[in-house]
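Chemist: Just passing along the structure, written as structure tokens.
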Amino acid sequence: MSRRLRRPALVSALAAAALILSACSGSTEPAATPTGSPDPDATLRVGLVLEPTNLDIRRTSGAALEQILIDNIYEGLVTRTQDNEIVERLASDYTVSDDGLTYSFTLQQGIVFHDGSPLTSADVVASYEAVRTDATLQGNAEFGAVSAITAPDPSTVEIVLSQPDQNFLFALTGPAGLVFKAGDTTDLKTAENGTGPFTLTRWNKGSTITFARNDAYWGEPVGVAEVEFQYIPDFTAGVNAALAGDLDVLTAVDPNLAPQLEDSGDFTLTTGRTTDKATLAFNNAKAPLDDVRVREALRLAIDHEALIEAVGAGTELYGPIPELDPGYEDLSDVVSYDPERAKELLAEAGQEDLELTLTIPSFYGTTVPKVLISDFAEVGVTLDVDAVEFPAWLEDVYTNHDYDLSFVLHVEPRDFGNFANPDYYFGYDNAEVQELYTQAEAEVDPTKSAELLAQAARIVSEDHAADWLYNGETLTAVSPLVTGFPQDSINSRIDLAGVSVLDAG
């Protein structure tokens with residue numbers, strides 16, 4: 001059974017990635033280390049790119065919400081680290097039965113919502129029952145195998161699945177697993193009532209969102225009194241704001257502008273890992289891309305190292321699973337840059353004068369298309385680029401599968417199931433891959449599950465079902481006065497619990 005990918009999640013993830021992904025492949029010199037002790041009264045000012053349209057993370061998908069709300073305002077029974085490892089959060093511990101069907105969680109003590117109400121297992125049950133039964137809530141698809149959610153006592157939650165699901169616990173680290181007060185009437189579009197270490201104090205739409213320290217937090221108190229997120233969608237304006245002293249941290253730094261921040265001596269630049277997969281999609285169900293020789297030829301024609309240098313971001317990726325996800329394997333042995341072999345394969349397939357169209361959302365710019373046009377021309381393939389507005393891309397490519405090639409950033413972690421779904425817009429249909437993925441999901445042992453995913457991923461790459469142009473990275477400029485700011489995966493969430501600002505005086 002293939003895992004379903006919700007259309008709204010993909011839509012928001014792709015749109016967010018178009019703005020958020022940015023990195024630098026070069027090394028950076030750290031700014032001078034300041035002296036001073038953490039200032040508990042400090043305000044941390046963080047520059048972000050993509051502002052949410054509303055704050056209802058239960059019904060609105062996308063990185064813009066998850067980035068600031070998860071772990072800061074709202075919490076789940078479990079969460080994940082920057083390395084995508086699952087750890088306890090509202091749960092002090094948990095167990096999974098040997099058959100992989102029963103999950104038992106014990107709640108931390110002394111947890112209260114921001115309105116002062118104590119959290120009990122009944123709140124967890126109500127939150128998760130809503131996700132399980134309401135298709136409009138984020139995570140409903142991930143709860144497809146859930147058959148029962150109960151609270152044996154006020155501090156225990158038990159979830160029973162109808163069949164094992166290796167991804168279920170990971171799903172609980174996202175919006176599906178967040179816990180809300182039972183029967184709460186808070187308008188989540190503009191307000192909040194979470195359990196996290198920060199509370200929402202104000203939202204100046206189009207400008208800033210401000211959090212304040214939650215003094216009643218059940219865990220360790222955070223190191224700053226306030227966090228101000230400043231939304232600056234223009235990359236140059238973001239750098240100018242940082243250089244003017246208006247920001248302590250600037251995320252999603254444009255690599256072409258990074259030297260300005262480096263040369264100032266006022267920031268340290270960090271390069272963080274992500275699960276962003278810059279995917280060149282092939283329409284496997286449409287001639288001539290239904291011929292594996294054509295697909296392989298196109299991959300052989302691409303100079304990935306030069307493309308990454310042109311983009312200024314990322315690392316090479318030769319398969320559908322990035323390093324931070326289970327099942328990752330270095331698949332560089334599958335394909336290399338070999339234009340001459342590409343020409344031979346095209347000749348064998350009778351496609352020496354091939355013409356293809358690349359349909360791409362217009363907000364991705366021209367760098368990648370220009371490289372592909374040049375590389376494909378070297379092997380006799382003419383590439384026309386059709387840059388369209390995102391709604392048109394959704395209609396033509398994602399929904400109607402009316403395309404030859406496309407390029408988008410697939411940012412969601414653990415989304416290999418797209419290649420096990422023949423109805424997905426890739427049009428890739430391989431029964432062996434589908435069976436391996438089904439086995440991987442049902443496998444209780446995470447190591448064995450990852451091995452099955454790796455087998456399936458190798459088949460997908462050897463079938464040349466797509467090309468993965470690069471694994472994205474994210475570049476962040478951090479003031480030397482700031483300590484503990486996360487480095488990896490910050491395009492999906494920024495856990496600020498461990499951040500402090502030093503007293504410069």
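The values are calculated or read from the model by the stated rules, or taken from the named source; none is laboratory data. Predicted, not measured: the structure shown is a model, and the values here were computed from it. Neighbour counts run over all protein chains shown; Cβ positions are idealised from the backbone, glycine included.
Chemist: If a residue must be closer than 23 Å to Val160 by Cα and buried (at least 20 other Cβ atoms within 10 Å of the Cβ), how many such residues does region 79-99 contain? Spell out the reasoning first.
Modeler: At the first step, the residues of region 79-99 found to be closer than 23 Å to Val160 by Cα are 79-80, 85-99.
Remaining after also requiring buried (at least 20 other Cβ atoms within 10 Å of the Cβ): 79-80, 89-91.
Qualifying residue count for the region: 5.
Every residue, every condition in (1) surrounded by fewer than 20 Cβ atoms within 10 Å (Cβ to Cβ); (2) modelled with pLDDT under 95, yes or no:
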residue	(1), (2)
Ile373	yes, no
Glu389	yes, yes
Val397	no, no
Gln439	yes, no
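Chemist: Same structure, new question: If you take the residues of region 287-334 that are β-branched (Val, Ile, Thr) and within 26 Å of the chain's Cα centre (by Cα), which of them is nearest to Thr271 (Cα to Cα)?
Modeler: At the first step, the residues of region 287-334 found to be β-branched (Val, Ile, Thr) are 292, 294, 302, 308, 311, 315, 321, 334.
When the remaining residues are screened for being within 26 Å of the chain's Cα centre (by Cα), the result is 302, 308, 311, 315, 321, 334.
Working: Ile302: 25, Ile308: 15, Val311: 15, Thr315: 11, Ile321: 20, Val334: 27 Å.
Here the residue is Thr315.
Chemist: List pairs: first in region 331-342 and β-branched (Val, Ile, Thr), second surrounded by 17 or more Cβ atoms within 10 Å (Cβ to Cβ) and assigned to a loop (DSSP other than H, G, I, E, B), Cβ under 8 Å, 6+ apart or cross-chain?
Modeler: Cβ pairs passing all conditions: Val334/Tyr318; Val334/Gly319; Val335/Tyr318; Val335/His464.
Chemist: How many residues does region 220-239 contain that are closer than 12 Å to Leu48 by Cβ and among the acidic types (Asp, Glu)?
Modeler: Qualifying residue count for the region: 1.
Chemist: Let me ask you something else. I'm trying to understand the selection: among the residues of region 59-72, which are at negative phi and surrounded by 21 or more Cβ atoms within 10 Å (Cβ to Cβ)? Walk me through how you get there before you give the answer.
Modeler: Here is the first cut: in region 59-72, the residues at negative phi are 59-61, 63-70, 72.
Within region 59-72, Ser61, Ala63, Ala64, Leu65, Glu66, Gln67, Ile68, Leu69, Ile70, Asn72 meet the criteria.
Chemist: Still on this model: Looking at region 271-313, which of its residues are under 19 Å from Thr474 (Cα atoms), among the hydrophobic types (A, V, I, L, M, F, W, C) and in contact with a helix residue (DSSP H, G or I) (Cβ under 8 Å, 6 or more places away or on another chain)?
Modeler: Let us first name the residues in region 271-313 that are under 19 Å from Thr474 (Cα atoms), namely 271-279, 304-313.
Then drop every residue that is not among the hydrophobic types (A, V, I, L, M, F, W, C), which leaves 278, 306-308, 310-311, 313.
Once the filter is applied, which keeps residues that are under 19 Å from Thr474 (Cα atoms), among the hydrophobic types (A, V, I, L, M, F, W, C) and in contact with a helix residue (DSSP H, G or I) (Cβ under 8 Å, 6 or more places away or on another chain), region 271-313 yields Ala278, Ala306, Leu307, Ala310, Val311.
Chemist: Within region 73-88, can one find any residue that is assigned to a loop (DSSP other than H, G, I, E, B), under 17 Å from Gln487 (Cβ atoms), modelled with pLDDT of 95 or more and not basic (Lys, Arg)? Explain how you work it out, then say what you get.
Modeler: Of all residues in region 73-88, those assigned to a loop (DSSP other than H, G, I, E, B) come to 73, 75, 77, 81-85.
Next cut, under 17 Å from Gln487 (Cβ atoms) only: 81-85.
Right, trim to modelled with pLDDT of 95 or more and you get none.
Taking every residue of region 73-88 in turn, none turns out to be assigned to a loop (DSSP other than H, G, I, E, B), under 17 Å from Gln487 (Cβ atoms), modelled with pLDDT of 95 or more and not basic (Lys, Arg).
Chemist: Report whether or not Asp467 is buried (at least 24 other Cβ atoms within 10 Å of the Cβ) and not hydrophobic (A, V, I, L, M, F, W, C).
Modeler: Yes.
Chemist: If the requirement is being of a type outside the set (Phe, Trp, Tyr), over 30 Å from Arg89 (Cα atoms) and without any contact (Cβ under 8 Å) to a residue 24 or more places away in the chain, which of these qualifies: Ala237, Ala297, Ala285? Steps first, answer last, please.
Modeler: Details: Ala297 fails: without any contact (Cβ under 8 Å) to a residue 24 or more places away in the chain; Ala285 fails: without any contact (Cβ under 8 Å) to a residue 24 or more places away in the chain.
Going through Ala237, Ala297, Ala285 in turn, the sole match is Ala237.
Chemist: Determine whether Arg493 is within 17 Å of the chain's Cα centre (by Cα) and surrounded by fewer than 23 Cβ atoms within 10 Å (Cβ to Cβ). Give the derivation first.
Modeler: Details: within 17 Å of the chain's Cα centre (by Cα): yes; surrounded by fewer than 23 Cβ atoms within 10 Å (Cβ to Cβ): yes.
So Arg493 passes the test.
Chemist: Filter region 446-469 for residues that are at negative phi and either among the aromatic types (Phe, Trp, Tyr) or in a loop (DSSP other than H, G, I, E, B) (or both) and give the result. Show your work before the answer.
Modeler: Filtering region 446-469 for residues at negative phi gives 446-463, 465-469.
Within region 446-469, Asp463, Ala465, Trp468 qualify.
Chemist: Also, quick follow-up: Going by the structure shown, is Ala122 over 28 Å from Glu412 (Cα atoms) and buried (at least 18 other Cβ atoms within 10 Å of the Cβ)? Walk me through it before giving the result.
Modeler: Working: over 28 Å from Glu412 (Cα atoms): yes; buried (at least 18 other Cβ atoms within 10 Å of the Cβ): no.
Considered against the rule, which asks whether it is over 28 Å from Glu412 (Cα atoms) and buried (at least 18 other Cβ atoms within 10 Å of the Cβ), Ala122 comes out as no.
Chemist: Taking the options Thr95, Thr106, Thr53, name whichever one is in a strand (DSSP E or B), over 26 Å from Val478 (Cα atoms) and without any contact (Cβ under 8 Å) to a residue 24 or more places away in the chain.
Modeler: Values: Thr106 fails: without any contact (Cβ under 8 Å) to a residue 24 or more places away in the chain; Thr53 fails: in a strand (DSSP E or B).
Only one candidate qualifies: Thr95.
Chemist: Let me spell it out: the conditions are (1) on the phi > 0 side of the Ramachandran plot; (2) out of contact with any Phe, Trp or Tyr (no Cβ under 8 Å at 6 or more places or on another chain); (3) crowded, with 17+ Cβ neighbours inside 10 Å, and Pro486 meets all of them except one. Which number is the exception?
Modeler: (1)
Chemist: Are any residues in region 297-321 more than 20 Å from Asp415 (Cβ to Cβ) and aliphatic (A, V, I, L, M), and if so, which ones?
Modeler: Scanning region 297-321 gives Ala297, Leu298, Leu300, Ala301, Ile302, Ala306, Leu307, Ile308, Ala310, Val311.
Chemist: List pairs: first in region 355-378 and in contact (Cβ under 8 Å) with a residue 40 or more places away in the chain and acidic (Asp, Glu), second surrounded by 13 or more Cβ atoms within 10 Å (Cβ to Cβ) and not in a helix (DSSP H, G or I), Cβ under 8 Å, 6+ apart or cross-chain?
Modeler: Within 8 Å, the pairs are Asp375/Ile302; Asp375/Asp303.
Chemist: Now a separate question. Quick check: is even one residue across region 273-280 at pLDDT 95 or above, more than 20 Å from the chain's Cα centre (by Cα) and among the hydrophobic types (A, V, I, L, M, F, W, C)?
Modeler: No, the conditions are met nowhere in region 273-280.
Chemist: Being more than 11 Å from Leu48 (Cα to Cα), crowded, with 16+ Cβ neighbours inside 10 Å and touching a Gly at 6+ places or on another chain (Cβ under 7 Å) is the filter here, so list the residues in region 240-263 that pass it.
Modeler: Passing the criteria: Ala241, Ala242, Pro255.
Chemist: Residue by residue through region 264-294, note down the ones that are surrounded by fewer than 23 Cβ atoms within 10 Å (Cβ to Cβ) and charged (D, E, K, R).
Modeler: Asp266, Arg273, Lys286, Asp290, Asp291, Arg293 - these are the residues of region 264-294 that are surrounded by fewer than 23 Cβ atoms within 10 Å (Cβ to Cβ) and charged (D, E, K, R).
Chemist: For region 171-191, what are the residues that are surrounded by 22 or more Cβ atoms within 10 Å (Cβ to Cβ) and either free of Cβ contacts under 8 Å to residues at least 12 places away in the same chain or touching a strand residue (DSSP E or B) at 6+ places or on another chain (Cβ under 7 Å) (or both)?
Modeler: Hits for region 171-191 are Leu172, Thr173, Gly177, Leu178, Val179.
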